[in-house]
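Notes follow once the structure below has been shown.
None of the figures in this text is laboratory data; all of them are computed from the coordinates on show. Keep in mind the model is a prediction, meaning the values are calculated, not measured. Here the Cβ is made from the backbone with ideal geometry for all residues, glycine too, and neighbour counts use every protein chain on show.
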Amino acid sequence: MATKTIKVPKMLNGAPTGEVDTIQVEDYGVATWGPKTKHRLLNTHLPRVDAPNKTTGTAIYTHDVKVPGMLHGRLVTSIHAHARITSIDISAAQKIPGVKAVLPIVAAGGEVIYEGQAVAAVAATTPEIALDGARAIVVKYQVLPHVVTVDDALKPGAPTVGRGPGRGGNGQGNQQQVEAAVAACDAVVEAEYRTPILHHCCLETHAVVADFRGGPNATVYVSTQATFGIPGDAQRELGVPVTGVVTHMGGGFGSKGGGIGVVGQWACRLAKQLNTPVKMVNTRREEFLMTGNGPGSLHKFKAGANKNGTLVAISTIQYGMGGIGNGGIAAQPYSYVAQNVFRQSTSVNTHEDSSVPMRAPGHPQACFAMESLMDELAYKIGMDPVEFRKKNLPNNANGTAWHRQLDAGAKAIGWANRNATPGGGAGPLKRGMGCAIGSWGGGGRAQCVVDVKISQDGSVLVTSGSQDLGTGTRTYVRAIVAEELGLDMTAVVEKIGSTAYGNAGGSGGSTTTASLAPAVKDAAYNARIALAKLVAPLLGAASADEVWFDKGQAMGNGKSIPWKQACAAVPAAGLSARGQFVGALSGNGAHGASFAEVEVDTDTGHVRVTKMCHVQDGGLIMNRLTAESQINGGMIQSLGMALFEGRVMDPALGIMLNPAFNDYKLPGAMEMPELIPIIDDGDERNVVIGIAEPANIPGCGAVANAVFNACGVRVRETPITPDKILNGLIELRRAKA
Amino acid sequence: MNNFEWANASSIESAVKLLQPVDPQGDPDEMARPIGGGQDLLTSMKEYLVRPPRVVNLKTIAGLDQIKPDGKGGLRIGATVTITDLYENADVQAKFPGLAEAATSIASPQIRNVGTVGGNLCQRPRCWYFRLESVQCIKKGGPVCYAAGGQNKYNAIFNTGPSKIVHPSDLAPMLIALGATVTIFGTEGARTIPMDTFFTTPNQDVRKENILKDGEIVTEVQVPATTARSTYLKFKERESYDFALSAVAAVVEFALDKTVRNARLVLGGVASIPWHVPAAEKSLIGKTITEDNAAAAATLALANAKPLEFNAYKVPLTETLIRRALLKLNA
């Protein structure tokens, strides 16, 4: 049953005529999205339902949470990259009035293996006293040899990190054969590309309030990407059942996926010891040093292409720099196919905090390297970089999507007008364009339970434990229900972010919307059917099948009654309907293409991105406004990676030199180009696919390639800063002379 | 930050009194400090770079936040005039456009709204190593300048001693180029000195950046009348908010025949003090400003540069800024 006929009152000039009319409505007998083009709310531009609260400062974040009697926790962290703690003296700290507890984290004799590693924790009556307490703890270190750069770590005899070298590389393909094939090509590029460790830079640092008072249960508030990651971790520390709460979140980008984290663990332990609630918030410096990084990368390529535009062979040796973590980087040749591929990927450990997921883990790094390489090959064989890319795409649905997106992006940026000769033209200001493509999964999983409750007074409540990472979860949760029940957005209230509500998965891999939206749809559908059964007698309809809800009315059998009146049929306890994941409503496989136009001042090395566009598919878009925001955010984040961002380490001291926003430079308002977010409506898949991470993948490579097209300098290490451009221009002049 | 005592000064004299007593043997980073907008002082205190037992508020001193004519066509600028008030001042914009440009180039609108002229001149360097509490560098009484052999992309290309910091002020190079003077108040009363003698190199005292003795304050800056044209070109890595990688303050007085009668060129972001380049200035006198003359002056200005491992790019960058500033003034 795809469509059915509903008898409704015939209207004339807004008033019923007494006659009966019929309408055709879509109803499939199961939760179904229906045609992409026929949505009333979904796939349109919906303002965020929480925008007024967020913009006026009334939205509550974990940083804002205060509970009565709450103490404040503070960490002491290592100032060395690698050291043995010879002693910790907490006596002075304990004597400070207001300090309530001091807990050593690393015992004397233990080792610290990165700067910023937690060494001790303090709880006190105010944040200031907690800081005084932390500073009064005297930690003595015996400094041990460290390594904090990839080059140093790869040297024979480099200091060992943590439990061991952890460098097991895995190879694929025959290196000798592949490199022989490279050598036989018309054009060969041998190059190294590097990206530094990046940071998530959530404006809200990691934060926890552990509300435990010695009773039989506790509530723990965490700024986390996984509401349901809270209870397990917190119960382990507190020993009682825990309700986990996630209020509004000031960003995660992958850094807040790991349960309650270090501040959560120690806030809970302090609370447990004192039977008193404890709040703990990472400082910005701690956020840079100990909450996990987006790994750096080093890619060593040998690749060859023939004049006809075929990528023939590619040998890649790739290193992920994830500190004490694994630092996984996506496999090469990334989006492209080649006849001969050798690849080896190795994790290089350094004395730095662990890598954690960061918006498309391992992809922006691999994409920047591969897309720079593709560009170098295209210029070497004298082929349009877009055409060269098209020639080496897989011959499947992925390839089809990228063909379409490359065309759309080229049109939007004005590719046909790009600079013909890199560095050509008069005057110091050079304009150029570049492009790159990327891919991601973004599929849903069976993990969400959603409840819709309709009350006798007509109010509608939809609940899910899911957190809103900032992507607009609240808005589409409400929109799905409102659309299904024929109501306005304002007629539905959503409550999310608590383990008191239905189960939900963590936000990772851009899976939240693709997992949650189908369950919301299922719950809304079940609620509609249940309500239709109750309302049918009021309309004199023979069955629920004859009832429809639209424009705030229940209608059927030639009659129509307002929603609130119809809800009188609901029992006093309300009508509850539950929804689960529906696989058919969710899909997998996102593709994107970025284009950038830049202006390079060849006398100063300054790069200004003038225009950027990103084409992104995502099946059925829940909310075009927030989807476009995601795409804009992805472009901005990748612009930051391309031109500004990167952890700077001092190799000798083993410490991070720029753990502050003054020195870890994020792009600001003046750096913003004209941003053109394009939703790829050529994607015919009528399923929900996550787009949050893929929007951040190809932009960096596009900017890097635009810089080359503008000024002829190939900067192979991000961020592409003025010093690198000026040095590159000097080398170019030297080579020409 | 450490706990400290807050004292509102009612007059310049009371401010100086509140900054006493000064222990000549004591750590300069542990002396009482004057506060204007606090944009550098408070962040320095939060990082424990300075640990003053008392902070003396200058904003309660009546009249110190005024810009007044000096009666001879110049201006007297009080120490607590905010950066925003400075560049919004009609006289500043009309008579000293370079000073207005320098002011607008500073930090962010929020910081300019509270940061002061005196604070801008007396702010501490931005060197990564200096700003990290855990690094005991030579400027903090330690043995070594870590930037000299470390990550020195933003550090000095002119050698002025054992520390490789660059002076972070944008107003300072411009005020020196304009021939400004500065009034200092201490226990022995006031003295007014040329601005170009205010700043000191690490060779003179590695712990400090200017001649202020502990317990002294800057109360006023005087900018004399001029018929010269002025401009300030600052290069920032990030336009929205950044310190200078390099900057040039240029003041040029032209004769009727468009030849240069007088020129002043002072560089920012390249040395521990605003870097005056007299040889480049002299090379322009009596000449019209052409592409070639401007380029020659720029080359002369950078002739003695001694870049460190990672900052050689500052040489061509600064040459470009000088060239562009001169050609801009000529237009």
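Mean separation of Cα pairs under 8 Å and 6 or more residues apart, divided by the residue count, gives the range B:209-328 a relative contact order of 21 percent.
Considering all C-alpha pairs of the range A:602-676, those separated by over 14 Å amount to 69%. Compared with the rule-of-thumb size 2.2 N^0.38 Å for a compact globular protein, chain B has a Cα radius of gyration ratio of 0.97. Applying both filters, DSSP loop and at most 14 other Cβ atoms within 10 Å, to the GluC sites (Glu not before Pro) of the range B:260-331 gives B:E309. Legend: mean number of C-beta atoms from other chains within 10 angstrom of residue C-beta atoms, peptide B:124-136, equals 4. Based on the reciprocal of the average 1/r between different C-alpha atoms, the Kirkwood radius for the range A:582-637 equals 13.7 Å.
Using just the Cα positions, wrap the range B:133-239 in a convex hull and report its mean projected area in square nanometres, one decimal place. With every direction weighted equally, the projected area is 9.0 nm².
Taking max minus min of the alpha-carbon positions on each principal axis, the range A:196-311 gives extents of 74, 26, 23 Å, largest first.
Over the range A:39-156, the reciprocal of the mean inverse Cα-Cα separation, the Kirkwood hydrodynamic radius, stands at 17.7 Å. Taking B:L19, B:L267, B:L42 in turn, the Gaussian network model of chain B (Cα-Cα springs below 10 Å) assigns the largest fluctuation to B:L42. Tell me the volume per residue, in Å³, of the convex hull enclosing the alpha carbons of the range B:1-45. For the range B:1-45, the hull spanned by Cα atoms encloses 84 Å³ per residue. Kirkwood radius, the range A:660-702, all distinct C-alpha pairs, inverse of mean reciprocal distance: 13.8 Å. How much of the pair distance distribution for the range A:464-588 lies past 18 Å, counting alpha-carbon pairs only, in percent? In whole percent, the share of Cα-Cα pairs in the range A:464-588 beyond 18 Å is 55.
Dividing the alpha-carbon radius of gyration of the range B:229-330 by the rule-of-thumb value 2.2 N^0.38 Å gives 1.04.
How large is Rg over Rh for the range A:423-518, taking Rg from the Cα atoms and Rh as the Kirkwood inverse mean of 1/r across Cα pairs? Rounded to two decimals, Rg/Rh equals 1.30. Report the net charge of residues surrounding B:N113, where surrounding means a beta-carbon distance below 14 angstrom and charges are Lys +1, Arg +1, Asp -1, Glu -1. So the surrounding residues net to -1.
Screening chain A for whole DSSP H helices with an alpha carbon extent of at least 27 angstrom along the helix axis and a mean Kyte-Doolittle hydropathy of at least 0.5 yields A:512-539. Against chain B, whose longest principal axis comes from its Cα atoms, helix B:314-330 is set at around 60 degrees. The Cβ shell under 14 Å around A:V20 holds other residues with a net charge of 0, Lys and Arg each +1, Asp and Glu each -1. In plain terms, the residue of B:L233, A:L487 with the fewest other Cβ atoms within 10 Å comes first and the most crowded comes last, giving A:L487, B:L233. Cβ crowding within 10 Å ranks A:T604, A:T5 as A:T5, A:T604, fewest other Cβ atoms first.
Calculated [222 nm] ellipticity per residue, helices only, for chain B: -7000 deg cm²/dmol; basis is -39500 (n - 2.57) per DSSP H run with n ≥ 4, divided by all residues, nearest 500. In the range A:465-536, if every C-alpha pair distance is counted and binned at 10 Å from zero, what percent goes to each bin? Final binned percentages: 19, 50, 25, 5, 0. Within a straight-line Cα-Cα reach of under 14 Å, B:K314 can be paired with the following aspartates and glutamates, leaving aside sequence neighbours fewer than 8 residues apart in one chain: A:D603, A:D723, B:E237.
Loop-resident trypsin sites (Lys or Arg not before Pro) (DSSP state other than H, G, I, E or B) in the range B:1-86 with no more than 14 further Cβ atoms inside 10 Å of their Cβ: B:K72. For the range B:172-256, the list of GluC sites (Glu not before Pro) that fall in a loop by DSSP and count at most 12 other C-beta atoms within 10 angstrom reads B:E188. Fully extending the segment from B:D257 to B:S240 would add 2.2 nm, taking 0.36 nm per residue of separation and subtracting the current Cα-Cα distance. Under the classification rounded if a/c is under 1.5, otherwise prolate if a/b is larger than b/c and oblate if not, where does the range A:637-737 fall, given a ≥ b ≥ c as square roots of the Cα gyration tensor eigenvalues? Note, shape of the range A:637-737 comes out oblate.
What pairs in B:K208/B:K236; B:K153/B:K258; A:K36/A:K533 have C-alpha atoms more than 32 Å from each other? As for pairs spanning more than 32 Å Cα to Cα, those are B:K153/B:K258. Paramagnetic label reach from A:I96 (point 7 Å along Cα→Cβ; backbone nitrogen cut-off under 14 Å): within the range A:133-158, residues A:133-139. Summing -39500 (n - 2.57) over the DSSP H runs of n ≥ 4 in chain A and dividing by its residue number, what mean residue ellipticity at 222 nm do you reach, to the nearest 500 deg cm²/dmol? Calculated mean residue ellipticity at 222 nm is -8500 deg cm²/dmol. Of A:K665/A:K736; A:K430/A:K736; A:K95/B:K140; B:K72/B:K287; B:K72/B:K95; B:K282/B:K328, which ones are farther than 24 Å apart at the Cα? Result: A:K665/A:K736; A:K95/B:K140; B:K72/B:K287 exceed 24 Å. In the protein assembly as shown, the ratio of gyration radius to Kirkwood radius, Rg to Rh, stands at 1.01 when only Cα atoms are counted.
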